[in-house]
Amino acid sequence: MMKEYQKINKIKGELSLPGDKSVSHRAVIFGSMAKGKSVITNCSNGEDVKSSISCFRQLGCSIESKDGQIIIEGKGKKGFNKPNLPLDAGNSGTTSRLISGMLCAQDFETTIVGDESLSKRPMDRVVDPLAFMGAKIEATNHRLPLKIYPSYELKAVEHILKVPSAQVKSAIILAGLHLDDTTTVVESVKTRNHSEKMLGLEVEEKGSLSIIKVSSKNYPIPQEYNVPADISSAAFFIVFALLSEDSELILRNVLLNETRAGLIKVLKKMGGNIEIIAEHKSGEEISGDLLIKSSKLHNIEIDKEIIPNIIDEIPILSIAGLFAEGRFEIKNAEELRLKETDRINAMVSNFHKLGVKTEESIDGFCVEGNVNDVCNVYESFGDHRIAMSFSILSMLLKNGGKIDDFDCVNISNPNFINQINSIVR
């Protein structure tokens, strides 16, 4: 579907966004693994989390939606049923990679498949560490489908993460939950830590290293999960409010996890008027109500260390950088090439249509100059974050813009248009 946007002069009001996608995935997974009833409030309604729910239904879990909550009757340790068909992860890298860690400890064979986009993304990053633990797992040309066989030689290991990836870390953790001995994961660059927090894992900070320990004593138990609003979805509205004249927006209950809130830190350093007006706690996660006001931004040097923290927000951050004073540059972000699309190339390709000076490198890109305000058609490349980023751009331009293949926003936020309409003034 092609979606056309006109310039929006002002936004004002407040939004309560659906639950964080990363936390929702894990709530579904841990609730399904636990023996008994778990309840998830404010679960993400995006297609990615629906893929996780679908997979666990195939594995025998009863999962239903009732009164705005997801109710799961979990199967317990090694209690899953052998699925009759391959587990379809859809477009969700989180689904495919995380459940592979759990499935390699089961007593039956499974296959994980995905859509065309997911089938192009690398899976050796989880296959190799799980194989090191003794898992019997095969990938086709390092990609989906994954074939996972019963393994009776799964063993606890110490694994030093080669790639800063919360998905890889969590896959190892999920395998380690099935072992009595302690599995240790060491990361030198901090990645999102929802799995550790939600499972109550022991984490030792030693200099720049995080040392995470997991064993069967940490196996999930039934509980209630209250999911804060998705900060990655909030990012689009934060940038929109900052760049729109005479605008003010409140976002309620947004996740402020220390490994996810890097975007707010960067935007505040750029001059963004962002205030936390209330804080809340749900389990081990912190959330807050954000007040965002129109701001004049200037570009800054973005530290290498913060890149893993903001990796999903870089597309919309680059829109902020485009309108900020000076040159916007991203480096050390080669991981962007391995997302739903090559996000570096996708951003640069669309920026070329604006007539600005753009340079692409192996691990990033830079952009500067005045925008040619014409009504362009921007390609989403089937990537929800590219589609929403250029939707925001289009609403900031006098002549608007069009987004091709806009339906991909359903992957993370199917209510994006309604949310925009509710704050337009």
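A few notes on this one:
- Acute angle (nearest 10 degrees) that the helix 343-352 long axis makes with the longest principal axis of the chain, alpha-carbon atoms: 10 degrees
- Test item: Cα-centred dipole of region 180-221, Lys/Arg +1 and Asp/Glu -1 on Cβ, debye: 180 debye
- Between region 258-318 and region 185-215, the Cα center-to-center distance that results, in Å: 22 Å
- Within a Gaussian network of the chain (alpha carbon springs, distance under 10 Å), most fluctuating of SER65, SER54, SER215: SER65
- Stretchable slack from ILE306 to ALA278, in nm (0.36 nm times residue separation minus alpha-carbon distance): 7.6 nm
- Against the chain, whose longest principal axis comes from its Cα atoms, helix 21-33 is set at around 20 degrees.
- Three-way shape label, region 24-136, alpha-carbon gyration tensor, a/c 1.5: oblate
- Whole-Hz ³J(HN,Hα) from phi, Karplus 6.51 cos²θ - 1.76 cosθ + 1.60, for region 12-17, glycine and proline x: 7, x, 8, 9, 10, 8
- Ranking ASN218, SER92, HIS159 by Cα position along the charge dipole of the chain, where only Lys, Arg, Asp and Glu carry charges on their C-beta atoms, puts ASN218 farthest toward the positive end.
- Calculated log₁₀ intensity ratio I(q)/I(0) where the Debye formula runs over C-alpha points of the chain, q = 0.06, 0.09, 0.10 Å⁻¹: -0.24, -0.54, -0.67
- Derived scalar couplings between HN and Hα for region 217-228 equal 5, 9, 4, x, 10, x, 6, 9, 10, 10, 8, x Hz in order, rounded to whole Hz, by the Karplus curve 6.51 cos²θ - 1.76 cosθ + 1.60 (θ = phi - 60°), x for Gly and Pro.
- A Gaussian network model of the chain, with springs between Cα atoms under 10 Å, assigns the largest mean-square fluctuation among GLY207, GLY13, GLY36 to GLY207.
- Maximal additional length on extending the GLU224-LYS77 stretch stands at 51.1 nm, based on 0.36 nm per residue less the C-alpha distance.
- Each residue of region 244-258 was assigned a 3J(HN,Hα) from its phi angle through the Karplus expression (A = 6.51, B = -1.76, C = 1.60, θ = phi - 60°), giving 8, 5, 6, 10, 8, 9, 10, 10, 8, 6, 7, 4, 10, 3, 5 Hz with x at Gly and Pro.
- Selected from ILE417, SER361, ALA241, residue furthest toward positive end of dipole (the chain; charges at beta carbon): ILE417
- Distances between placed amide hydrogens fall under 5 Å for ASP88 paired with VAL113, all partners being 5 or more residues away or on another chain.
- Share of carbon and sulfur in the accessible heavy-atom surface of region 251-368 [1.4 Å probe, %]: 45 percent
- Percent of beta bridges antiparallel (DSSP, the chain, rounded to nearest 5): 75 percent
- Rounded tilt (10° steps) of 384-396 against the dominant C-alpha axis of the chain: 20 degrees
- Charge dipole of the chain (Cα centre as origin; +1 on each Lys and Arg Cβ, -1 on each Asp and Glu Cβ, all else neutral): 400 debye, rounded to the nearest 20.
- Across LYS206/LYS304; LYS12/LYS331; LYS331/LYS357; LYS50/LYS162; LYS66/LYS217, pairs whose alpha-carbon gap is larger than 24 Å: LYS12/LYS331; LYS50/LYS162; LYS66/LYS217
The values are calculated or read from the model by the stated rules, or taken from the named source; none is laboratory data. All values reported here derive from a predicted model rather than from experimental measurement. Heads up, the Cβs are rebuilt from the backbone with ideal geometry, glycines too, and the neighbour counts pull from every protein chain shown. Surface areas here come from the heavy atoms of the whole protein model, side chains and all, with no ligands, DNA or RNA. Shrake-Rupley method; radii C 1.70, N 1.55, O 1.52, S 1.80 Å.
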